[in-house]
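Notes to accompany the following structure.
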Amino acid sequence: MRTQPPVRPEPRTRTLAAAPSLVPLLARGALLSPFKRPRPDAPVPATRLVLPGVRIDLAHLAAYERACGFPTGADALPVTYPHVLAFPLAMRIMAGRAFPLPLLGLVHTSIEITRHEGITATQEHELEVTVEKSAPHRRGTEVTVLTGARARGRLVWESRSTYLARHRPRTPDRTGTGTGTGEHETPPRAPLPSPGGSEPLPAVAEWHLAPDVGRRYGAVSGDRNPIHLHPLTARLFGFPRAVAHGMWTVARCLAEYGPGQAVEIRAEFRAPVLLPGTVTYAERGPSFELRSGGRVHLRGDVRPHA
C-alpha cells in the first residue's frame, strides 16, 4: 500500500530581523543528522520564514558572478542569485529538529525558477522560504522547498527545489519508473524529455573544472556540504571524489545560455560532476545540458514567462 502524505497545516509565518548565520546552522545540522531516520510520511515543518529589507552586497555579488561565469558589473541580478540570498533561510529550517531529513549528504535533485521580471542589484528585497512537502523517491525520501523574492511588494522571483535523502525505501515507489542515472538521479515524477530524441544537443563549449570548484562556490554560496569540499569528505557519503554543487552547474550553464528577463527555467541534476573533470556544455533552442562522454549530468530548458 502506498504511503499517504500527511495533512499539512497552514505554515506559520515568522519574520526574521537578520539573515541567520550559516556556520552554527551547518554545525547544528551536522550534529542532528545521525539521529534522523528519514521516511516519506514524516511531517515537514509548518513554518514560513520571511526576511524583509534585504540589500545586495555588491562585492559578494561580484564574487558570485566570477565563480559562476556571469558578467560582472551589470545592475541586473543573475537569475540564480536569489537562491543564494535565501539559502540561510532554507538552512534555518533544514538544520532544525523538526526537519525530517539529515542535512549531511542531502542531494539537490531539481530546481524550477520563475523570474517574473528583471531584478536589479539596487532594489530592496523581501525573501521567503517554506518546505512544501515530503514524498517517496525510489532512492529514498525527497522534500520540496519553495523560495520567493519580492520587490516593492510584488513577487519578482520564485523557485521550487527538490532535495533527496538517500536510504532504502520502506515500500516500493510506484509513482514512476525514472530514467536518470547516477547519484543525482532525476525524480521519477515527470523528467524532462531528451531534446531531439536520442540525438545529443550540439556542443557549444568544453569546460575543464578544477579540483577546488566546490570550495570556491561553497565560499560564495555558503553551501559547505562536505560532498562538495574534498575527496576525503565526499567518500564518507559514497562519492569517489568531490562533486560540484548542482546550483553551480545550473548557474554556469545559464551564464553561458544568457536567459532573458522574464523566464521560466527547469533543470534536473541527473548525475554528479566529479572534480576535477572535463564537461561539455550543449544547447539548442530552449534546451541545454551538461555532459561528459555519454553521461548527462544536467538537463534543463528556458522558456519565456508570459
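Numbers below:
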{"item": "All positions within region 259-294 that are among the aliphatic types (A, V, I, L, M) and part of a strand (DSSP E or B)", "result": "263, 265, 267, 274, 279, 282, 290"}
{"item": "Hey, residue 180 modelled with pLDDT under 50, part of a loop (DSSP other than H, G, I, E, B) and under 23 Å from residue 251 (Cα atoms) or not", "result": "yes"}
{"item": "Test for residue 62: is it more than 19 Å from residue 147 (Cα to Cα) and either of a type in the set (A, V, I, L, M, F, W, C) or surrounded by 13 or more Cβ atoms within 10 Å (Cβ to Cβ) (or both)", "result": "yes"}
{"item": "The one condition in (1) out of contact with any Pro (no Cβ under 8 Å at 6 or more places or on another chain); (2) part of a helix (DSSP H, G or I); (3) of a type outside the set (Ser, Thr, Tyr) that residue 10 fails to fulfil", "result": "(2)"}
{"item": "Residue list for region 81-113, filter: farther than 27 Å from residue 238 by Cα and out of contact with any Lys or Arg (no Cβ under 9 Å at 6 or more places or on another chain)", "result": "81, 85, 86, 89"}
{"item": "Some residue of region 121-132 being surrounded by 20 or more Cβ atoms within 10 Å (Cβ to Cβ), more than 13 Å from the chain's Cα centre (by Cα) and outside any strand (DSSP E or B)", "result": "no"}
{"item": "Selected residue (criterion: surrounded by the most Cβ atoms within 10 Å (Cβ to Cβ)) from residues of region 215-246 that are β-branched (Val, Ile, Thr) and assigned to a helix (DSSP H, G or I)", "result": "227"}
{"item": "Subset of region 291-306 that is among the small types (Gly, Ala, Ser) and buried (at least 16 other Cβ atoms within 10 Å of the Cβ) - its residue that is farthest from residue 234 (Cα to Cα)", "result": "300"}
{"item": "Residue 47 being without any contact (Cβ under 8 Å) to a residue 60 or more places away in the chain and among the hydroxyl-bearing types (Ser, Thr, Tyr)", "result": "no"}
{"item": "Count - residues of region 82-120 that are of a type in the set (A, V, I, L, M), under 25 Å from residue 34 (Cα atoms) and assigned to a loop (DSSP other than H, G, I, E, B)", "result": "6"}
{"item": "Filter pass, residue 55 being out of contact with any Lys or Arg (no Cβ under 8 Å at 6 or more places or on another chain) and free of Cβ contacts under 8 Å to residues at least 12 places away in the same chain", "result": "no"}
{"item": "Residue that is surrounded by the fewest Cβ atoms within 10 Å (Cβ to Cβ), among those in region 253-290 that are small (Gly, Ala, Ser) and in contact with a helix residue (DSSP H, G or I) (Cβ under 7 Å, 6 or more places away or on another chain)", "result": "255"}
{"item": "In region 134-169, residue surrounded by the most Cβ atoms within 10 Å (Cβ to Cβ) [restricted to those that are touching a strand residue (DSSP E or B) at 6+ places or on another chain (Cβ under 7 Å) and part of a loop (DSSP other than H, G, I, E, B)]", "result": "139"}
{"item": "Among (1) of a type in the set (Asp, Glu); (2) in a strand (DSSP E or B); (3) farther than 17 Å from residue 159 by Cα - the single one residue 256 does not satisfy", "result": "(2)"}
{"item": "Members of region 137-156 that are at pLDDT 95 or above and out of contact with any helix residue (DSSP H, G or I) (no Cβ under 7 Å at 6 or more places or on another chain)", "result": "144, 146, 148, 150, 151, 154, 155, 156"}
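The values are calculated or read from the model by the stated rules, or taken from the named source; none is laboratory data. Computed from a predicted structure; not experimentally measured. Glycine also receives a Cβ, built like all others from the backbone with ideal geometry; neighbour counts cover every protein chain displayed.
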